[in-house]
1. Scan (1) basic (Lys, Arg); (2) part of a loop (DSSP other than H, G, I, E, B); (3) under 26 Å from VAL612 (Cα atoms) for the single condition LYS400 breaks and write down its number.
2. Using the structure shown, decide if SER625 is surrounded by 19 or more Cβ atoms within 10 Å (Cβ to Cβ), within 22 Å of GLU709 (Cβ to Cβ) and not basic (Lys, Arg).
3. Select from the stretch 327-369 the residues that are over 15 Å from LYS400 (Cα atoms) and among the hydrophobic types (A, V, I, L, M, F, W, C) and write down the one among them that is farthest from the chain's Cα centre (by Cα).
4. Just wondering, is there one or more residues in the stretch 234-250 that are within 20 Å of LEU427 (Cα to Cα) and touching a Pro at 6+ places or on another chain (Cβ under 8 Å)?
5. Which of the residues that make up the stretch 395-443 are among the acidic types (Asp, Glu) and buried (at least 18 other Cβ atoms within 10 Å of the Cβ)?
6. Looking for whichever is surrounded by 21 or more Cβ atoms within 10 Å (Cβ to Cβ), out of contact with any strand residue (DSSP E or B) (no Cβ under 9 Å at 6 or more places or on another chain) and of a type outside the set (Phe, Trp, Tyr) here; the options are ASP344, ASP355, ASP337. Which one fits?
7. Quick one: which of VAL213, VAL198 is under 18 Å from GLY348 (Cβ atoms), in contact (Cβ under 8 Å) with a residue 12 or more places away in the chain and assigned by TED's automatic domain parsing to the domain that holds THR338?
8. When you scan the stretch 179-196, do you find a residue that is part of a loop (DSSP other than H, G, I, E, B) and among the β-branched types (Val, Ile, Thr), even just one?
Amino acid sequence: MGFIKKNVSSGFVKYTFLNIPVFSLKHKEKYIKYKILFFNLKLKLTKRNRCSVLINSPYHKFNFSEIHSVEENSFCSGCGACVSICKKKAITLIENKDGFFSPVIDKEKCNDCGQCKKVCPVINFKYEYKPFYEIKCFAAQAPDEIRKNSSSGGLFPLFAEYILDHKGVVCGASYDETFFSVIHIIISDKKDLNKLKVSKYSQSNINSCLEKVEKYLKNNVKVLFVGTPCQVAGLLSYLSKGRRQVKEYKNLFTIDLVCGGVPSNLVSRKYLKEFSNEENPILERKDREKDNGWYSYATSIKTKKIKFRLLNSKNYFWQAFVRGMSTNKLCQVCPFDTFKRKGDITLGDFWFIGDYEKKLDDNKGTSLLLLNTLKGKFLLKEIKSNLKLLKRTPAKWTLKGNLNLIKPIYNNNRNYFFYLLSKGASLKDAYIQALQDKADCIIYNNAVSDINYGSLLTAYALQKIILDLGYYPKNIFCYRIPNDNYKKSMGYRFAREYLNFTNECISQDDFINLNNKSNIFIVGSDQMWRPMYWRPNIDREVFSYLSSDKNKFAVSVSLGLDKFDGTYEEKEIFRKELKAFKAISLREHNGVQVCDREFNCSATRIIDPVFVLDPIVYEKMAKKSDYDCQGKLVYYSWGDFDRDKEVLYQIAQKRDCSEVVNITLKDLSVEDWLNAIRTAKLVVSNSFHGICFSLIFNKQFICVVDKGEDRFDMLNRLFNIKEQMFSRLQDQRILSSNNIYNYSGYEQIVDHEKAIALNFIKDIF
């Protein structure tokens, strides 16, 4: 393990640790030596910069503040803060289709006070960096009799006993009476402590524990709260009532767990029902039984009729969990995976501690303990005398077996796993098929784009169409145009939330390996066959890397022009490779003619996929945003806003628009972008998809064709938008024109085109 120099550009050297970008350093003329505490790595740094070490993980750049809706929050942790803060009791945590707790709002009770959004630890997440040298890390073991019945080193019971001995209460996770579900409970008696021992591998229902904890604290009762980092964050946010400053309770102690994500309750129940039912109930459940040693842990379940024991290395439920297939969507991009922990103490398994010091590992369990606050230090001091082992260790050793401290477990096959379960597959079959990384079809498009939201929404539309037909697609995760900043962008957040991806494809071997993932490959939609966007990777555009037995299709592809703008050699490659396509459809009429004239192959024309979806889909997506542009002129263009703003203000004045809003900005989310167009009074754009969504939302618009009229050929032929089209924004006709687009007959045209497009896509399968 160590650092790898990633690249050198613009005077910056980027380094990665375990494939995570962790810092960048800028070179100057004068250098000094400075010792970095990451594995004692020595680097040359400027005197001015000294230790300019910056966390640059894509997970920490994920913009959770753009999740505007509590009810429709795809990245809900189920912490229960929103439920507890609601005075109207309008919010309830209910399991969603994947088996995770999500808030549902009773609209009749809700008064739109906004408190739920204020206390949401995900929406209000702000990343804080903690340097390695500040991390206080320990290896610890409780006495053997306690460790025997614990998942790891047995520290939690000692902390809990201390709180209970001082007339306090402990809040933690327990199985319910059936052992099928996990719930948070509060205990005040040591005899109930066994309920909270050992790890539980299902998402816990927090119930009303947050409110009860608050009451205990106000009555000066000591409280120990134990949970995942997001649950601890939810408690602290609730107690602070959404204020930036966390409210301190001297009698509150928190422990967060080193978390690899929470498995779905649906998956857990499906797994347990394989050997249990009403006639044969579960009497005892241990997901981390270690009778044969800490490293050989197994699942042990005792029912009325049988006793079941299976090594977790052979357990499909467990394997799906450790690979990140069965975890919550938030867990895949968890913002709380950082050394700046939410709890006073962090507890976990100190895997491979023997590699640091052999005698510390007796295969009975050793706990990893991080001291995060003075209260945590106090707790440790109080139980120190009861410990068998307590040894300070270098922080770097925590990562060898606990990389999820700083990096979430992401699995591209998570959505496919849940899709298969929804279709009735067994847990075993769903796991095995998802592990193979296969799909019903694989799509090559421009989905990996940070600012081209039109391309992103086209990719989403085509994916949803195929899903609605009962098939599972995946989009190839590759950069048509190199983009080092993509994973920091709003586009990345949208893509991870809405799109299904293959593993990242970089090398030619990565693309060749796609042959094993599906029998159907689709290129489309948008400008996929315009050379300026793909040179020199022509083989990707026409699937040259696929074997001859694969079925290739083109769906609503655009050339961008009324001709093929490529070299003679590129044209010959297209002419040869397109003969292997089973069916080809182009977005524009001109494209169909080019295929016939220049590639000597037949093609049909179908409308862009964004028109095929019901507008309600985009309405729902847009309403997640509060970016309101009522009465305003919305400008979306690849042009120069500063150059165009004078004429835009003139147009706004002419059309009685209150303001000019430029939405060609990287700090807007896709939902913001959609809502801006949805709520606008007038849209001015030279973007093909800017005009598409103006039509979808029935907006008045001005179409500037300075980037090429051919891209709008299909829209004009179908919807007769000629009177709204102008060659340039400075055209004086714009100011004198007051044309209002007539939407009568629009829906009939779209319905007809939808039918053609759907028939074409159905025939693929």
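1. (3)
2. Considered against the rule, which asks whether it is surrounded by 19 or more Cβ atoms within 10 Å (Cβ to Cβ), within 22 Å of GLU709 (Cβ to Cβ) and not basic (Lys, Arg), SER625 comes out as no.
3. Result: LEU360.
4. no
5. Taking the stretch 395-443 as the starting set, the residues that turn out to be among the acidic types (Asp, Glu) are 429, 437, 440.
Passing the criteria: ASP437, ASP440.
6. Residue meeting the stated conditions: ASP337.
7. Checking each option against the conditions leaves just VAL198.
8. The answer is no, given that none of the residues of the stretch 179-196 is part of a loop (DSSP other than H, G, I, E, B) and among the β-branched types (Val, Ile, Thr).
The values are calculated or read from the model by the stated rules, or taken from the named source; none is laboratory data. Predicted model only: the values in this text are computed from it and were never measured. Don't worry about glycine lacking a Cβ; one is built from the backbone with ideal geometry, like all the others, and counts go over all protein chains shown.
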